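The values are calculated or read from the model by the stated rules, or taken from the named source; none is laboratory data. This structure is a prediction, so every number in the text was calculated from the model and none was measured. For neighbour counting, all protein chains shown are included, and Cβ atoms are generated from backbone atoms with ideal geometry for every residue, glycine included. What goes into the accessible areas is simple: the full protein's heavy atoms, side chains included, and nothing from ligands, DNA or RNA. Shrake-Rupley method; radii C 1.70, N 1.55, O 1.52, S 1.80 Å.
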Amino acid sequence: KEHIKPLCELFKASGDLQSCYIRSAAVSTLACMSRRGLADNVVDIVSSQGYLIASNHPYYVVEAAVRILSIVPPESVTPQAKQQIFDLLNHRSHRVTVAVIDAFGFFGEQMITNDAHMKQFAYCLRHPDSEIRSATQNALERLKKRVDGEISLTTGVESLLVGFVSSQEYFERLAAVHLLKFYGTRAMIKNHEIISVLLVDPTPCVRIEILRALRDFIADSELYKLLSPAFVDIMEQKEVRGIADNQVLRETYRLLRCDSDVASDVAKYAQQSLNLYFEDIQVKKQAVLLLALI
């Protein structure tokens, strides 16, 4: 236990490439000690000695402190330490921000019901830095796996969702997709009009991502009924399509064959695709796979 503080002091090593190795070794050693019964001591020292205070240290010290707390057993991270970490979310260093986001993917379950915290966290999905956006998406996926049952959509996040959809930036509209996927069926039903807008988004990657996000939820009969007109519009497009439109139609058939009842309901459109001589061969392949479920 007496070695924890000296190891934390190694976070302050700076100046050259060797310093990075020193900090990495210190984090690894503290992680091993945490797994051997000293996790509470590690968290206490990192939290109480100011390593998580941005004004006290350079970014690389703070980043190392956050990284070590993301490795220790989640149950050992105290509410005080969690709050200190969350306060670093808007740190001037993107490396610290990514570390904070990664950490909350492992122990941020309580944050989900906190409207202000969740809104601030979700806002990272539209960050200009793609690494931060990607880290937030991954963290939300990990958080969802740690929570049993449906997650309630908070008021603040719902207002954020509306703002994302109306944005001119495609990655902000993609952020809406990731939020809908995180909150699940109830949120999708409540915001089905937003999904319908995303299904006709001018950017193909947004349309494709929302179709993929719906795969785990399309079996819900109420949700399918609400979105069915949008799917029909995609499948009834008769004129020759471009490469992106063909990919959207392929993803539509992939989605609709995730449930046998849904597949039966749209079988006639799949048959139409097979009968069109100019239809893309990959679209026809997905149509065949859908019809095979009936």
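Of the helices (runs of 4 or more DSSP H) lying entirely inside the stretch 1-98, the ones with 1 or more residues being out of contact with any Pro (no Cβ under 9 Å at 6 or more places or on another chain), at pLDDT below 90 and closer than 25 Å to Arg146 by Cα are found at 17-33, 59-71.
Scanning the stretch 185-203 turns up one or more residues that are surrounded by fewer than 21 Cβ atoms within 10 Å (Cβ to Cβ), under 17 Å from the mean Cα position of the chain (by Cα) and either polar (S, T, N, Q) or assigned to a helix (DSSP H, G or I) (or both). Candidates are the residues of the stretch 123-155 that are small (Gly, Ala, Ser) and under 24 Å from Arg92 (Cβ atoms); the one that is farthest from the chain's Cα centre (by Cα) is Ser130.
Go through the stretch 273-288 residue by residue and tally those that are more than 16 Å from Asp245 (Cα to Cα) and open to solvent by 70 Å² or more (accessible area, probe 1.4 Å).
Result for the stretch 273-288: 3.
Criterion first (closer than 30 Å to Leu161 by Cβ, open to solvent by 10 Å² or more (accessible area, probe 1.4 Å), hydrophobic (A, V, I, L, M, F, W, C) and in contact with a Gly (Cβ under 7 Å, 6 or more places away or on another chain)) does Ala116 satisfy it? Yes: the conditions hold for Ala116. Residues that are among the charged types (D, E, K, R), open to solvent by 10 Å² or more (accessible area, probe 1.4 Å) and in a helix (DSSP H, G or I) within the stretch 234-269 comprise Asp245, Arg250, Arg254, Asp261, Asp265, Lys268, listed in sequence order. Has the stretch 169-181 got any residue that is in a loop (DSSP other than H, G, I, E, B) and free of Cβ contacts under 8 Å to residues at least 40 places away in the same chain? For the stretch 169-181, residues in a loop (DSSP other than H, G, I, E, B) and free of Cβ contacts under 8 Å to residues at least 40 places away in the same chain: absent.
Quick one: how many residues across the stretch 77-90 are within 22 Å of the chain's Cα centre (by Cα) and either polar (S, T, N, Q) or open to solvent by 20 Å² or more (accessible area, probe 1.4 Å) (or both)? Outline the logic, then answer.
Within the stretch 77-90, the first condition is being within 22 Å of the chain's Cα centre (by Cα), and the residues that meet it are 82-83, 85-90.
In the following step, the residues that additionally are either polar (S, T, N, Q) or open to solvent by 20 Å² or more (accessible area, probe 1.4 Å) (or both) were identified as 82-83, 87, 90.
Summing the residues that are within 22 Å of the chain's Cα centre (by Cα) and either polar (S, T, N, Q) or open to solvent by 20 Å² or more (accessible area, probe 1.4 Å) (or both) in the stretch 77-90 gives 4.
Every test in (1) part of a helix (DSSP H, G or I); (2) at pLDDT 95 or above; (3) crowded, with 16+ Cβ neighbours inside 10 Å is passed by Arg212 save one, and that test is (3).
In this structure, Arg35 does not qualify as open to solvent by 60 Å² or more (accessible area, probe 1.4 Å), under 27 Å from Tyr123 (Cα atoms) and in contact (Cβ under 8 Å) with a residue 12 or more places away in the chain. Being open to solvent by 50 Å² or more (accessible area, probe 1.4 Å) and of a type in the set (A, V, I, L, M) holds for only one residue in Val162, Val147, and it is Val162. When the stretch 207-222 is filtered for residues that are of a type in the set (Asp, Glu) and either under 12 Å from Phe182 (Cα atoms) or in contact with a strand residue (DSSP E or B) (Cβ under 6 Å, 6 or more places away or on another chain) (or both), only Asp216 remains.
Taking Tyr224 as the residue in question, decide whether it is outside any helix (DSSP H, G or I), free of Cβ contacts under 8 Å to residues at least 60 places away in the same chain, of a type in the set (Phe, Trp, Tyr) and out of contact with any Pro (no Cβ under 8 Å at 6 or more places or on another chain).
no
For Tyr277, indicate whether it is modelled with pLDDT of 90 or more and not small (Gly, Ala, Ser). Taking the combined requirement at face value, the residue does not satisfy it.
Only residues that are within 13 Å of Arg35 (Cα to Cα), under 23 Å from the mean Cα position of the chain (by Cα) and open to solvent by 10 Å² or more (accessible area, probe 1.4 Å) were counted in the stretch 57-76, giving 5. Scanning the stretch 258-281 for residues that are polar (S, T, N, Q), touching a Leu at 6+ places or on another chain (Cβ under 9 Å) and in contact (Cβ under 8 Å) with a residue 24 or more places away in the chain yields Ser260, Ser264, Ser273.
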